[in-house]
Amino acid sequence: MKQTMISLLAIILGAIIIIFPMLGIIGTQFIIGSAVLLMGVFLLIIGISEIDYSPTRSVITIFIGIVVLILGLILLFNPSIFAFLAALTIYLAGILLIVVGLVTLIGNKESSIAFWSGVIGIVLGVIYIVLGTYAQDPLVLGTLIGIWLVLTGIFRLSDN
């Protein structure tokens, strides 16, 4: 039951992020900050829910989730920090996707579903960095995080 709820949460958060960029009026700061914030919330929930299965991986996921959550809040509410970090946030979000993919990949060697979820996180992180370097539209970047959340949720649902 817990796995199903977390999987559905990932799909819902991913859908929100995918739909969010369509609003177009909202500034880049809010889009990237919201995407990173929702990613942090998801990581915290995953870390807390998996503490019984793998305490080490859970603590790492919770730590990354807290860092990502704080970064998301900073990006949302501090425009001067966003302006300062604008170039770095693209790379940072991509790197975070890669790190989360690696933690998933390494921490779940026995599950083929988790393996593919980790691989997708790594691949989308690399795509995020490449697109972030050349993309003119930041909406694409928020959508990539949404895609990762939806795919991770679907993989977790099929693992039940």
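The values are calculated or read from the model by the stated rules, or taken from the named source; none is laboratory data. Keep in mind the model is a prediction, meaning the values are calculated, not measured. Counting neighbours? That spans all protein chains shown, and the Cβs are built from the backbone with ideal geometry, glycine included. Areas reflect the complete protein model, heavy atoms only, side chains present, ligands, DNA and RNA absent. Shrake-Rupley method; radii C 1.70, N 1.55, O 1.52, S 1.80 Å.
If you take the residues of the stretch 74-94 that are within 15 Å of Ser34 (Cα to Cα) and loosely packed, with under 14 Cβ neighbours inside 10 Å, which of them is modelled with the highest pLDDT?
Among residues in the stretch 74-94 that are within 15 Å of Ser34 (Cα to Cα) and loosely packed, with under 14 Cβ neighbours inside 10 Å, the one modelled with the highest pLDDT is Phe77.
When residues of the stretch 95-127 are filtered for being open to solvent by less than 50 Å² (accessible area, probe 1.4 Å), modelled with pLDDT under 80, farther than 15 Å from Ile46 by Cα and assigned to a helix (DSSP H, G or I), how many remain?
Of the residues in the stretch 95-127, 1 are open to solvent by less than 50 Å² (accessible area, probe 1.4 Å), modelled with pLDDT under 80, farther than 15 Å from Ile46 by Cα and assigned to a helix (DSSP H, G or I).
Given Ser7, Ser49, which one is surrounded by fewer than 19 Cβ atoms within 10 Å (Cβ to Cβ), in contact with a Lys or Arg (Cβ under 6 Å, 6 or more places away or on another chain) and either modelled with pLDDT under 80 or within 20 Å of Gly101 (Cα to Cα) (or both)? Even if it seems obvious, please write down each step before you answer.
Working: Ser7 fails: surrounded by fewer than 19 Cβ atoms within 10 Å (Cβ to Cβ).
Only one candidate qualifies: Ser49.
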